Structures are given as structure tokens and as C-alpha cells.
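Take a look at the structure below.
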């Protein structure tokens with residue numbers, strides 16, 4: 001790759017774009033309603049969060065699980081050259097719009113980096129490299145370049161590649177030879193399945209397809225999730241104590257932040273153990 005952006009948030013170099021550009025509705029995750037393009041009332045003048053250490057007790061659980069994949073600092077310091085929307089109010093609308101697109105682009109780069117690393121197929125690795133280069137070049141472009149990107153088409157190309165790598169990797173773990181999660185016929189295609197609150201503890205789930213599955217509150221204690229496709233899976237409140245996710249596929253920090261675990265949970269090297277665990 002010719003350009004490899006930092007895909008981890010650097011809030012100190014961001015103009016609080018996640019706290020301003022995005023909106024949220026009062027719910028179990030947010031204590032208040034906040035429209036998009038309006039600064040959160042908890043944002044300090046220096047763009048820091050005035051209740052950062054008290055987000056959970058103050059009812060802002062949603063903030064603790066959010067991740068911009070490094071888009072915030074790229075837009076703040078790169079696209080807009082370190083000039084904030086408070087210094088130049090005319091840039092506010094454009095900056096917020098660019099942030100939303102770059103976050104999507106960086107999320108694609110996150111997945112592509114893993115696909116490139118995990119695939120056994122040189123052709124798939126090469127395709128991942130070329131896609132990453134195109135997406136990264138767009139993400140580091142000026143505002144008009146970013147806003148002119150055909151994000152939907154890029155999403156489609158990335159999705160196809162990720163699925164090919166997933167099928168290749170899961171097959172290498174013999175996914176087709178294992179039973180369903182409920183002990184039924186041999187088949188582990190559970191993409192999009194409703195597994196909310198399911199008891200999946202102490203299972204060898206290697207190679208399962210749990211893409212976009214609803215695993216809210218599911219019990220995955222002490223289970224082996226090696227090569228399990230978790231792209232888009234909802235892990236809110238999932239119990240991961242003692243689970244091995246060190247080689248799970250397409251896992252992100254927001255998913256881990258939303259789950260429950262402890263010091264015995266094994267995570268991929270590029271993910272950070274949540275402080276609340």
C-alpha cells in the first residue's frame with residue numbers, strides 16, 4: 001500500500017467531530033436528544049468531553065462504544081489543515097459531511113487490512129491492496145474528492161472481497177463439518193440469525209458464519225470463536241468471559257466495547273481491552 005492511515009482514534013487531534021457531526025436520540029445509550037451538526041452540551045471549549053470519566057453513570061453508554069477508525073484526526077488535521085469549525089464557521093457543514101464519509105472509508109480500510117493479512121490467496125491479497133490504495137487515496141483527498149466518492153460502489157466491492165476471504169478462511173477450519181449452534185444438522189451458516197440471549201457457552205464455534213447476527217446478551221463464555229465471521233454482528237451485552245476471539249474474523253473495537261468480558265477474554269492484537277471489563 002502506498003498510504004496507510006492510522007485507523008485508531010486520536011481525540012487530541014480532532015475537533016470533536018463525533019460529538020458534533022453525529023446526532024443521537026434519547027435512549028438506553030444516550031441520556032438526551034442531540035441533533036446532528038449540533039455540539040454535545042458536554043463538549044468543552046478545547047473539544048474534550050467534560051464527563052469523559054463519567055459517561056456510563058451519566059447515561060452516555062453509546063459514547064463509550066463509538067469508534068471513528070481514525071477519521072476524526074484525518075479530517076481535522078489533514079483535510080481541513082488544523083483549522084477548526086469554531087475558527088472558521090463556514091467550514092462546519094463541509095467538515096461534518098466529510099467526516100461522515102471518511103469514517104466509512106476508514107472502516108472499510110480496517111476490514112481490508114485484516115482480509116489482506118488473513119487470506120491464503122495471493123490474488124485476493126492483491127485485490128485487497130488495490131482496493132485499500134484507492135480508498136485511502138480518496139480518504140486523504142480534499143473535501144470535494146471525499147464528498148464526490150461513490151461510497152456505495154466501494155462498499156459493494158469491499159463486501160465481495162470480505163466474503164470471499166471469509167469463505168476461504170472458514171472452510172480451512174472445517175466449518176462445513178460442524179453442527180449448528182443448536183445441535184441440529186451440519187450447517188453453520190447463521191448469517192443474520194436472531195441469537196439474542198442464546199446460550200452458546202463452552203462451544204467450539206470455529207469457522208461459523210455469524211455475520212450480522214443478533215448476539216445481544218448471548219452467553220459465549222469460554223467458547224472458541226477462531227475464524228468466526230463477526231462482520232456487523234451485534235454483540236451488545238454479549239458475555240465473552242473466557243472466550244477466545246484472538247483469531248475471530250472482522251471484529252472491531254466498537255463491537256468489543258459494547259460486549260462484556262474480563263481479563264480471561266482473548267482478543268485480537270489490534271484491539272484494546274475495554275477499561276470497564
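The values are calculated or read from the model by the stated rules, or taken from the named source; none is laboratory data. On a predicted model such as this, the values are computed, not experimentally measured, just so you know. Cβ placement follows ideal geometry from the backbone for every residue including glycine, while neighbour counts extend to all protein chains displayed.
Remarks
- When residue 10 is tested against (1) without any contact (Cβ under 8 Å) to a residue 60 or more places away in the chain; (2) surrounded by fewer than 17 Cβ atoms within 10 Å (Cβ to Cβ); (3) touching a helix residue (DSSP H, G or I) at 6+ places or on another chain (Cβ under 9 Å), only condition (1) is not met.
- Residue match in region 57-77 (condition: surrounded by fewer than 17 Cβ atoms within 10 Å (Cβ to Cβ), part of a helix (DSSP H, G or I), modelled with pLDDT of 95 or more and in contact with a helix residue (DSSP H, G or I) (Cβ under 7 Å, 6 or more places away or on another chain)): yes
- No other residue among 133, 157 is surrounded by fewer than 21 Cβ atoms within 10 Å (Cβ to Cβ), touching a helix residue (DSSP H, G or I) at 6+ places or on another chain (Cβ under 7 Å) and part of a helix (DSSP H, G or I) apart from 157.
- Region 108-124, residues that are in contact with a helix residue (DSSP H, G or I) (Cβ under 6 Å, 6 or more places away or on another chain) and not in a helix (DSSP H, G or I): 119
- Scoring residue 163 on the criteria (1) touching a helix residue (DSSP H, G or I) at 6+ places or on another chain (Cβ under 9 Å); (2) within 24 Å of residue 271 (Cβ to Cβ) leaves a single failure, condition (1).
- Residue 272 being closer than 26 Å to residue 55 by Cβ, under 16 Å from the mean Cα position of the chain (by Cα) and modelled with pLDDT under 95: yes
- Among the residues of region 234-255, those that are within 17 Å of residue 201 (Cα to Cα) and surrounded by 23 or more Cβ atoms within 10 Å (Cβ to Cβ) comprise 235, 238, 239, 240, 243, 245, 248.
- Residues of region 181-214 that turn out to be at pLDDT below 95, in a loop (DSSP other than H, G, I, E, B) and surrounded by fewer than 17 Cβ atoms within 10 Å (Cβ to Cβ), as a count: 7
- Looking at 220, 266, just one residue is buried (at least 21 other Cβ atoms within 10 Å of the Cβ) and on the phi < 0 side of the Ramachandran plot, and that residue is 220.
- Residue check for residue 152: modelled with pLDDT of 95 or more and either touching a helix residue (DSSP H, G or I) at 6+ places or on another chain (Cβ under 8 Å) or surrounded by 15 or more Cβ atoms within 10 Å (Cβ to Cβ) (or both): no
- Looking only at residues of region 13-56 that are surrounded by fewer than 18 Cβ atoms within 10 Å (Cβ to Cβ) and in contact (Cβ under 8 Å) with a residue 40 or more places away in the chain, we find that the one that is nearest to residue 137 (Cα to Cα) is 13.
- One residue from 78, 70 being more than 21 Å from residue 232 (Cα to Cα) and touching a residue at least 12 places away in the same chain (Cβ under 8 Å): 78
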